[in-house]
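Presented below is the structure to which this report refers.
The values are calculated or read from the model by the stated rules, or taken from the named source; none is laboratory data. All of these numbers come straight from a predicted model, not from anything done at the bench. We place every Cβ from the backbone using ideal geometry, glycine too, and count neighbours over all the protein chains shown. In case anyone asks, the SASA skips ligands and DNA or RNA and just uses the protein heavy atoms, side chains included. Shrake-Rupley method; radii C 1.70, N 1.55, O 1.52, S 1.80 Å.
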Amino acid sequence: MHRNVIAVVEAGRARGLQIDPRSFPEGTKTAADAAAAIGVTVGQIVKSLVFVVDGRPTMALVAGDNRLDEAKLAAAAAGTSVERPDGDAVRAATGFPIGGVPPIGHDLPVFVDEDLLRYDVVWAAAGTWTDVFAITPVELARVTGGTVGDLAVR
Ligand code: 5CA
């Protein structure tokens with residue numbers, strides 16, 4: 001198992017979550033790639049996005065078929081300015097490359113797109129461009145300590 005995946009499994013275990021990573025050699029780098037590889041709808045893919053709100057790296061977990069509304073994230077985080085970090089800054093904040101950033105294991109504030117709750121099961125990156133894991137959205141919110149709300153462009 002790739003060391004990034006091991007780190008994600010360990011982060012889950014530390015939070016009482018048993019993660020069963022699944023590997024898709026065809027690639028799961030984007031939400032569309034992941035949905036096609038796994039055979040689920042793109043809304044069931046969790047995008048783990050890092051934004052910088054008032055200078056603080058912040059994690060937004062967004063349904064794959066939604067676009068994050070930066071103003072809604074700022075409001076949820078009680079901030080005003082929102083910036084999109086580059087790949088190096090994402091790696092500095094999370095330890096993972098864009099396209100493989102997992103939703104858990106970071107010491108960052110987390111906000112969860114309520115539209116993920118439409119599904120019984122959603123899929124998230126497990127640390128690489130080919131590894132993912134399934135989780136119920138309720139568990140996702142629990143293990144991340146995330147605040148659930150409306151984050152999507154409507
Ligand atoms: N493995 C899949 C889902 S399981 C995944 O990680 N999807 S993702 O949506 O969370 O990661 C890709 C996202 O990273 C893109 O939606 C985009 O918002 C962001 N991204 C891509 N390139 C850049 C970049 N150069 N700088 C900042 N963010 C980027």
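Of note:
- What segment 3-149 shows is 46 Å² of accessible area per residue, with the surface traced by a 1.4 Å probe over protein heavy atoms.
- Only beta bridges with both residues in segment 19-154 are counted; by DSSP, about 70 percent of them are antiparallel.
- Binning the C-alpha pair distances of segment 3-149 at 5 Å intervals from 0 yields a P(r) profile of 2, 11, 22, 24, 23, 13, 4, 1, 0 %, listed from the shortest bin outward.
- Residue-count net charge about Gly100 - beta-carbon cut-off 13 Å; Lys, Arg +1, Asp, Glu -1: +2
- Share of carbon and sulfur in the accessible heavy-atom surface of the chain [1.4 Å probe, %]: 51
- Hydrodynamic estimate: the Kirkwood radius of segment 1-72 over Cα pairs, inserted into Stokes-Einstein at 20 °C and 1.002 mPa s, corresponds to D of 153 µm²/s.
- Residue order for Trp129, Trp123 - accessible surface, 1.4 angstrom probe, largest first: Trp129, Trp123
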